[in-house]
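The structure appears below as structure tokens.
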């Protein structure tokens, strides 16, 4: 009888591992916990079926769902099987995702980290399995085991945001509100450093007056900030890439600001999602007569905001090119070819061979040319587009 129950238990375990998408599927760390099940491309759910594993930070933002689709379609066309998992804001889930993909035989693992430093452990584990690891869009720091990085020029993003604000400023004493991405994201440091390099001389000469950061005020005379100094500022102005955090922080800033820090204001917002929340908050304050606000990612709602005059600009990072570059690099690795890179990025432990892509500023004046005419979006997705 004991032997009989052992056989039954083993059979049930085999069935639970073999059936994908079910609640609590032990082969899929994203199932049964509010995350989507593993998304497979030309792959069954048996062990050893995945050649390329992709881990994205969240399914709750349109950007990452677009990337998921592009990865799945692109890798199918390239002739490789794949699985896309989401970490949903958890570094622990991110590491579990790596373990799941390694267990399914992934030879290349592409990670957009939730936390660039915390992800080092997941990279080390993937490397121990013999997989090639590619950091996607966000650099993973403090590990020698990262093989490649594919991303945009993050400092150029911040520079474009700063240059836009500067182009709209006249006279002296213009209130400047600073916001950043998550302090756990290496890109957030680079975005802000790029913007600071443009804005700091104009803060120093009085064109802009920092309205909401004592840490930035204390460092206003420094053209270049080290990592610790950047960390102090980001710790005060971070939105954590969260719409609600951005809204709450903007509300608090406006509540504490006196009349001379309102009127015609300038806002460095790190991305489109936070830009919309911050813009709505500033628009609701009757003492704010006009605002200029930055963004990035050309999210559909923000493109509509730009058309409607609610958001001033966004930085276009053509994610079609980014996923294409990552797929090409993965394909070259799997085909035994030498991957093509353009430069290196220092992640604190090594110079990581990297493929870096360019960015473009989009405003109401060029939105049709940049977004519609290039086929990134269809004109039918927007109203009021000329």
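None of the figures in this text is laboratory data; all of them are computed from the coordinates on show. Keep in mind the model is a prediction, meaning the values are calculated, not measured. Cβ placement follows ideal geometry from the backbone for every residue including glycine, while neighbour counts extend to all protein chains displayed.
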### Task
Please find the FRET efficiency linking residue 374 to residue 342, where r is the Cβ-Cβ separation and R0 is fixed at 22 Å, and quote it to the nearest 0.05.
0.50
### Within the chain, percent of DSSP bridges classed antiparallel, to nearest 5
25
### Summary
Between residue 163 and residue 287, the FRET efficiency computed from the C-beta separation at R0 = 22 Å comes out, to the nearest 0.05, as 0.20
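When the helices in the chain are scored as -39500 (n - 2.57) per DSSP H run of 4 or longer and the sum is shared across all residues, what 222 nm value do you end up with, to the nearest 500 deg cm²/dmol? Mind showing how you got there, number by number?
Values: 12 runs with 157 residues, N = 386.
So the calculated ellipticity at 222 nm is -13000 deg cm²/dmol.
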### Cα centroid separation, region 179-206 to region 241-279 (Å)
16
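Can you put 324, 144 in order, fewest other beta carbons within 10 Å first? Write down the numbers at each step before the final one.
Numbers: 324 16, 144 13.
In order of increasing Cβ crowding within 10 Å: 144, 324.
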### Message
Taking a virtual spin label 7 Å from the Cα of residue 334 along the C-beta vector, which residues in region 76-109 bring their backbone nitrogen under 14 Å of it?
### Response
76-84, 105-109
### Task
Under 16 Å from a label point 7 Å along Cα→Cβ of residue 300: give me every residue in region 355-386 with its amide N that close.
371-372, 375-385
## Note on the structure
Taking Cα atoms, the helix 186-204 axis meets the longest principal axis of the chain at an angle in degrees (rounded to 10) of 10
### Task
Select from 140, 65, 233 the residue whose mean-square fluctuation is largest in a Gaussian network model of the chain (Cα-Cα springs shorter than 10 Å).
65
### Query
Most mobile of 101, 75, 219 per a Gaussian network model of the chain (Cα springs, under 10 Å)?
219
### Query
Taking Cα atoms, how many degrees apart are the long axis of helix 243-256 and the longest axis of the chain, rounded to 10 and kept between 0 and 90?
20
### Query
What order do you get for 292, 299, 351 when you list them from fewest to most C-beta neighbours inside 10 Å?
351, 292, 299
### Summary
If the chain between residue 223 and residue 366 were fully extended at 0.36 nm per residue, the gain over the current Cα-Cα distance would be 48.4 nm
